[in-house]
Amino acid sequence: MTATVPTNLQTITLGGGCFWCTEAVFVQVRGVLDVESGYSNGYVQRPSYEDVCTGTTGHNEVVKLVFDPALISLREVLEIFFVIHDPTTLNRQGNDSGTQYRSGIYFSTAEQEGVAREVMAEMAASGTYSRPIVTEVVALANYWPAEDYHQDFFERNPHQGYCMAVAAPKVAKFRKTFARLQKT
């Protein structure tokens, strides 16, 4: 399992579809110090990618973020999260379909839960989306890091078809929408 995070840092785990895409964005965010692809909130211990892809483990493909709240707030992290995926589609992101692609915020503190619910309520009230937000907000449970070949996948495989078609546009959208939050 991962090491303990220093007290001045926070950890939040997010499911926004394929973890390659979500990771590709968050590694570029100022104040995000570590991004790890993994599986969370399922029933199986030490699931493999193949297990999770069956949709029978209950796990979600997620990224675990360690961030410095002195450099980026949780609210800003969540604003990025909601721009780079569609939180209104249940168990689907684009052509990726199944419970492992559900939209989710997996918090580690009650304060994080409150911020997540507040951001979602504000978005719902503002009419940001034409359909209801279906993002689950639950405590992080049964987290397991993904296999090594999934870590930094986009960075190591920028010309792979899926990366070019799906991850690259999300990275471009982040850069355009949140230029002020991009690492220099």
Problem - Value at 222 nm in deg cm²/dmol, rounded to 500, when DSSP H runs of n ≥ 4 in the chain each add -39,500 (n - 2.57) - result: -8500 deg cm²/dmol
Problem - Beta bridges per DSSP with both ends in the chain, % antiparallel, nearest 5 - result: 85
Practice task
May I ask for the distance between the Cα centers of the stretch 20-53 and the stretch 133-178, given as a whole number of Å?
Solution key: 8
Completion exercise
Under the rule rounded for a/c under 1.5, else prolate if a/b exceeds b/c, else oblate, using alpha carbon gyration tensor axes a ≥ b ≥ c, the stretch 104-184 is classed as oblate
Practice task
Show the residues, 5+ positions off or on another chain, whose built amide H is closer than 5 Å to the amide H of Val62.
Solution key: Gly38, Tyr39, Ser40
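Return the FRET efficiency for the residue pair Lys176, Glu122: r is the Cβ-Cβ distance, R0 is 35 Å, and the value is rounded to the nearest 0.05. Spell out each step's value before the answer.
On the way: r = 22 Å, r/R0 = 0.63.
Once the sixth-power term is evaluated, E becomes 0.95.
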Fill in the blank from the handout: Rh (Kirkwood, all Cα-Cα pairs) for the stretch 10-181, Å, reads 15.9
Fill in the blank from the handout: The set of residues whose placed amide H lies less than 5 Å from the amide H of Asp34, leaving out same-chain residues fewer than 5 positions away, is Val66
Handout entry: Positive-end extreme of charge dipole, the chain - chosen from Val77, Leu9, Pro169 (charges on Cβ)
Key = Pro169
Handout entry: Rg to Rh quotient for the stretch 1-83, alpha carbon positions, Kirkwood Rh
Key = 0.99
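Output the peptides 112-121, 22-31 sorted from most to least packed, where packing is the average of other Cβ atoms within 10 Å over each peptide's residues.
Listed from highest to lowest mean packing, they are 22-31, 112-121.
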Fill in the blank from the handout: Loop-resident chymotrypsin sites (Phe, Trp or Tyr not before Pro) in the stretch 65-168 with no more than 16 other Cβ atoms inside 10 Å, DSSP not H/G/I/E/B, are Tyr129
Fill in the blank from the handout: For Phe107, other-chain or 5+-apart residues with amide H closer than 5 Å (H placed, Pro excluded) are Val138, Ala139, Leu140
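Each reported figure results from applying straightforward, stated rules to the coordinates on display, with no laboratory input. Just so we're clear, the structure is a prediction, and the values are computed from it rather than from any experiment. Don't worry about glycine lacking a Cβ; one is built from the backbone with ideal geometry, like all the others, and counts go over all protein chains shown.
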